[in-house]
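Read through the structure below, which is laid out as structure tokens, and then see the notes.
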Amino acid sequence: MAMETTTGAGAMRLLKPVQVYGLAAICLAAGLGIGYLLRAELGSTVAAPAKAVVHAPPTLKPGMGGGHVVTAEEMKATANAKAAPLLDKLKATPTDGALLVQIGAIYHAFHQYQDAETYYGRAVQADPKNVAYRVKLSASLFRAGDADGAVNQLNTALGYDPKDANALFDLGMVKLQGKQDPKGALAAWQLLLKSNPQLAADRKAAVQKLITQVKKMPADHFAAGGAGSK
């Protein structure tokens, strides 16, 4: 998720502030974000919904004086500590895709997206046809600001399984939030619903709600997006 990279942040600067806020509001109103179906159906550790190049507000730890703001360094240190036992296991089986994904998930959860990319990428190298691995890699690429890379991984995943609900959902999210391409997002989500009639009712309703909201976007949203989308 090799293409010329257009980061989510860079693409966002091409839009008026009201358009940027409109894109975010649509997703927040629906309670959706990249990895939504993955978390709901597969128990993924993909982080909570947010826009590309996410720098989520730091969490607070209980303590004297009203709490302690967790710094980026502390987040990284915590991720390294949690990943350490798995990294030791990895020395014996460096191409163990399942283990690599577990490590990637830890780093992703603690917002260490480049580290997550590394381990998800190694998992994909070990098992190139594994759609779930590519979807996870695309999420970390998107969070790190590489919308084009995320689209690339998702399209590759869909080449192996054109009906994969998680890949189609996340492709729509990246198209909408990272590429400002509402038409591309709608196409992905409509295909998701058409090709996955067995989708749980609440998941289906959430996607349908998002489709409805995107269709209500002003025409200039469509004019602004899509030209550079791949």
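The values are calculated or read from the model by the stated rules, or taken from the named source; none is laboratory data. What you are looking at is a predicted structure, and each value in this text was computed from that prediction instead of being measured. Methodologically, a virtual Cβ is constructed for each residue, glycine included, from the backbone with ideal geometry; neighbour enumeration extends over all protein chains shown.
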Regarding the stretch 123-138, can at least one residue be identified that is of a type in the set (Gly, Ala, Ser), assigned to a helix (DSSP H, G or I) and surrounded by fewer than 24 Cβ atoms within 10 Å (Cβ to Cβ)? yes
Counting just the residues of the stretch 166-203 that are surrounded by fewer than 23 Cβ atoms within 10 Å (Cβ to Cβ) and among the polar types (S, T, N, Q), which one comes out farthest from residue 216 (Cα to Cα)? 198
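Can you pull out every residue in the stretch 139-160 that is acidic (Asp, Glu) and in a helix (DSSP H, G or I)? Show your work before the answer.
Residues of the stretch 139-160 acidic (Asp, Glu): 146, 148.
Scanning the stretch 139-160 gives a single hit, 148.
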Note on residue 149: of the conditions (1) crowded, with 24+ Cβ neighbours inside 10 Å; (2) over 10 Å from the mean Cα position of the chain (by Cα); (3) modelled with pLDDT under 95, unmet is (3)
Under 9 Å between Cβ atoms, at least 6 apart or on separate chains: pull out the pairs that start in the stretch 133-161 with a residue that is at positive phi and end on any residue that is surrounded by 22 or more Cβ atoms within 10 Å (Cβ to Cβ) and hydroxyl-bearing (Ser, Thr, Tyr). 145/113
Would you pick out the residues in the stretch 172-195 that are at pLDDT 95 or above and over 14 Å from residue 214 (Cβ atoms)? 191, 194, 195
For residue 163, are the conditions met, namely being part of a loop (DSSP other than H, G, I, E, B), basic (Lys, Arg) and either touching a Leu at 6+ places or on another chain (Cβ under 9 Å) or buried (at least 24 other Cβ atoms within 10 Å of the Cβ) (or both)? yes
Looking at the stretch 175-203, which of the residues that are in a helix (DSSP H, G or I) and more than 25 Å from residue 152 (Cα to Cα) is farthest from the chain's Cα centre (by Cα)? 201
